[in-house]
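To start, the structure under review is shown below, and the notes come after it.
The values are calculated or read from the model by the stated rules, or taken from the named source; none is laboratory data. As the structure is a prediction and not an experimental result, all values here were calculated from the model. In this analysis, Cβ positions are derived from the backbone assuming ideal geometry, glycine residues included, and neighbour counts consider all displayed protein chains. For accessibility, only protein heavy atoms count, side chains too; no ligands or nucleic acids. Shrake-Rupley method; radii C 1.70, N 1.55, O 1.52, S 1.80 Å.
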Amino acid sequence: MISQHSYFQQCLPALQQLHNMNFMKEQLLQKDFLIAQERELSMYYSPHNDYINPDAHIVIAGITPGWFQMKTAFKQCVSSLSHHQLEQVLYETKKAASFSGTMRVNLIDMLDQCGIAKVMGINGAAELFASQRDLLHTTSVLKYPVFYKRKNYTGHQPPIERSALLSRYAFEVFPQELNEIKNPCLIVPLGKAVENVLRKLLLEPSLSRHTYLFGFPHPSGANGHRKRIFEEHLDEFTEIVEDWAVNRRS
């Protein structure tokens with residue numbers, strides 16, 4: 001299902017010019033893909049969060065796609081454009097780019113330790129990103145890549161609430177996307193900034209049907225406290241996952 005907030009058609013002519021490129025920053029962080037600018041923040045289009053899986057049972061939400069995910073998404077999208085319909089292009093792009101790289105490796109390991117594969121009846125959380133992709137929806141609070149002073153935005157500088165641009169995406173676009181999903185999901189927020197947004201959104205009754213793994217640390221290799229925080233909360237995470245699975249079946 002294609003997101004109603006998609007810039008895909010608008011960016012398509014520029015996307016089609018990207019054949020045989022190296023996908024460097026100056027080729028992608030340019031005016032054809034610029035969605036909005038606000039002081040030292042800039043938001044650029046990336047094609048991998050335009051596909052929404054309304055039948056998902058698990059949702060993993062990051063703060064915003066980083067440069068590595070953006071580059072992976074453009075590469076996959078340009079490659080798929082020549083031989084797929086639009087919906088399939090965006091699906092393949094999402095599959096390739098969401099939390100790609102070492103972050104995905106760490107994330108799969110953490111999800112396995114929480115017992116998610118066991119309650120879903122699959123061989124391992126890696127299948128959520130491959131053969132069992134229909135069970136998963138991946139997304140970001142800020143749908144498109146945001147950069148602060150040309151570096152990946154981390155959710156803290158500036159705080160989301162102090163930016164009109166970021167607030168609109170976090171508190172209007174993001175909850176609308178979650179409302180497209182039919183099932184009561186297990187939602188895994190990656191890091192404190194995502195958790196803070198979700199806690200505010202939970203004041204809206206429509207999102208209270210989901211179960212949240214609050215306290216889940218960001219799986220980035222750059223997060224030095226990840227392992228310690230994860231281990232401290234692991235029993236709690238496992239219990240939340242098991243309770244969600246029981247409620248889902250009842």
Note to self: So I have [x] 32, 20, 18; [y] 37, 20, 16; [z] 28, 20, 17, and one of them is semi-axes √(5λ) of the Cα gyration tensor in Å calculated from this model. Which one is it?
What the structure shows: [z]
Note to self: Cut-off 10 angstrom, C-alpha nodes, Gaussian network model of the chain. Which of 111, 90, 190 fluctuates the most?
What the structure shows: 111
Next item on the list: With all protein chains present, calculate the accessible area of residue 231 using a 1.4 Å probe and round the result to the nearest 10 Å².
Entry: 130
Checklist line | Charge dipole (debye, nearest 20) of the stretch 93-177; +1 at Cβ of Lys and Arg, -1 at Cβ of Asp and Glu | finding: 440
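Quick check for me: using +1 on Lys/Arg Cβ and -1 on Asp/Glu Cβ, what's the dipole size of the chain about its Cα centre, in debye to the nearest 20? Walk me through the numbers before you get to the answer.
On the way: 26 positive and 25 negative charges, 142 e Å.
Computed about the Cα centre, the dipole is about 680 debye.
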Check: Given 151/182; 25/118; 95/192; 118/143; 151/227; 118/149, which pairs have Cα atoms separated by over 32 Å?
Finding: 151/182; 25/118; 118/149
Notebook entry, point to check: Farthest toward the dipole's positive end in the stretch 74-173, which of 145, 88, 113, given Cβ charges of +1 (Lys, Arg) and -1 (Asp, Glu) about the Cα centre?
Noted result: 145
Next item on the list: Calculate one ³J(HN,Hα) per residue across the stretch 142-154 by plugging θ = phi - 60° into the Karplus curve 6.51 cos²θ - 1.76 cosθ + 1.60, and present them in order as whole Hz with x for glycine and proline.
Entry: 9, 3, 10, x, 10, 10, 10, 6, 6, 10, 3, 6, 9
Check: Going highest first, how would you order 193-205, 49-61 by mean Cβ packing within 10 Å?
Finding: 49-61, 193-205
Check: Say we join alpha carbon atoms closer than 10 Å with springs in a Gaussian network model of the chain; which of 22, 183, 106 then has the biggest fluctuation?
Finding: 22
